[in-house]
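Quick notes on the structure that follows.
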Amino acid sequence: MIDKILYLIAEGFRSLWRARLTAVASITAIGVSMSFVGFGVVIGQNFSDLIEFARSQYRFEVFFSPLMSDSEAELIVKNIRKIERVKSARLITKLEASEIFESEFGENIYDLLQENPLPASCVVKLEEEGEERLRVEPIIRRIRSMQDVTDVRYQGRIISLVERYYQGFFSLVTALAVVVLLGTVLLISNTIRLTIYSRRDLIRILKLVGATNRFIRFPFLVEGVIEGILGALLACVVTYGFVRGGNYFLSLFISYRLIWDMKVVAILVVVVVFFAIAGSMRSVRKFLV
């Protein structure tokens with residue numbers, strides 16, 4: 001049994017070598033087209049990391065009525081902590097507010113006014129986990145509707161804008177990946193079809209001597225998988241070249257660098273091989289009946 005499997009695998013390699021010109025063209029087409037998907041995945045991953053970092057810095061301040069005591073403000077802070085997607089809410093007491101005022105302006109509020117009119121406040125941080133866009137406006141509206149909340153200050157508009165563009169980019173890359181993968185299926189399917197056509201006399205002889213369809217099909221499936229693996233590896237090499245070129249371009253303007261993750265290699269190989277098998281199965285089922 002093992003000898004038969006090894007023979008069929010070797011026959012797949014030999015079949016690929018016999019049609020090497022067609023195979024090289026197919027592998028090159030797969031590699032170049034998938035490299036654009038791979039580069040899009042790299043950019044999307046780095047973009048996602050930037051958004052996660054921005055979210056970790058994402059906070060806003062909630063100011064309470066100056067007439068409220070610190071203990072009353074703490075009750076409101078506890079209610080804010082219960083809001084969904086709120087990671088933490090830290091109370092800033094009236095005394096802490098006066099210390100912040102002194103550190104920023106160099107003046108003691110009590111020396112100026114003989115009293116402390118500064119209100120208690122709290123700093124709210126939101127959860128940064130999750131792929132979906134973080135919607136801040138409903139949280140802001142809910143906090144503003146609370147009694148004795150006088151103002152909410154936040155700088156999240158830029159992050160929301162970046163996330164909106166990221167969602168659009170992610171949709172574009174997904175659509176491109178679907179088109180390229182479907183093209184991969186058709187490309188490998190047509191390559192296998194040409195190989196089957198070129199070996200039609202041998203296939204007819206094998207059937208006459210009693211070879212099963214499974215025995216005949218297996219080398220062609222191996223050929224399609226090899227093409228998929230080589231195409232995926234070529235795509236990884238080209239994608240890595242894109243990343244190096246992108247980092248050189250970025251170095252001319254900013255210090256940020258694209259991060260190359262080996263998970264991209266694994267993802268490309270697995271996905272392309274899966275669709276290569278699909279393309280091979282489509283061809284052998286259609287033309288080897």
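Tabulated data
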item	result
Spacing of the two label points (7 Å from each Cα toward its C-beta) at Arg200 and Phe105, in nm	9.1
Contact order relative to length of the stretch 59-155, as percent, for alpha carbon pairs under 8 angstrom and 6 or more apart	46
Burial ranking of peptide ranges 267-275, 236-244, 27-35 (average Cβ count within 10 Å, highest at the top)	27-35, 267-275, 236-244
Helix runs (DSSP H) in the chain reaching 20 Å along axis by Cα, Kyte-Doolittle at least 0.0	2-18, 20-56, 157-198, 213-251, 263-287
Cβ-derived FRET efficiency at R0 51 Å, Glu74 paired with Arg214, nearest 0.05	0.10
Gaussian network model of the chain, Cα within-10 Å springs - most flexible of Leu182, Leu221, Leu252	Leu252
The stretch 34-51-the stretch 214-289 distance, computed between alpha-carbon centres (Å)	15
Spatially close lysines, pair count over the chain: Cα under 14 Å, gap of eight or more or interchain	4
222 nm mean residue ellipticity, helices alone, for the chain (DSSP H n ≥ 4; -39,500 (n - 2.57); rounded to 500)	-24500 deg cm²/dmol
Gyration tensor over alpha-carbon atoms, the chain, equivalent ellipsoid semi-axes in Å	65, 19, 13
Calculated FRET efficiency for the pair Leu172/Arg141, C-beta based, R₀ 35 Å, to 0.05	0.65
Using distinct alpha-carbon pairs, which all enter the 1/r mean, Kirkwood radius of the stretch 59-155 in Å	14.3
Difference of contour (0.36 nm per residue) and Cα-Cα distance, Asp151 to Arg257	34.3 nm
5 angstrom amide H check on Phe60, placed H, neighbours 5+ away	Val124
Of Pro119, Phe105, Ile143, farthest towards positive along the dipole that unit charges on Lys, Arg, Asp, Glu beta carbons give the stretch 59-155	Ile143
For the chain, the longest site-free run once GluC sites (Glu not before Pro) in DSSP loop states with at most 14 other Cβ atoms within 10 Å are removed	133-289
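Taken together, the values in this text are just the output of simple stated rules run on the coordinates, not laboratory data. Everything numeric in this text was worked out from a predicted model, so none of it was measured. Please note: Cβ atoms are built from the backbone with ideal geometry, for glycine as well, and neighbour counts cover all protein chains shown.
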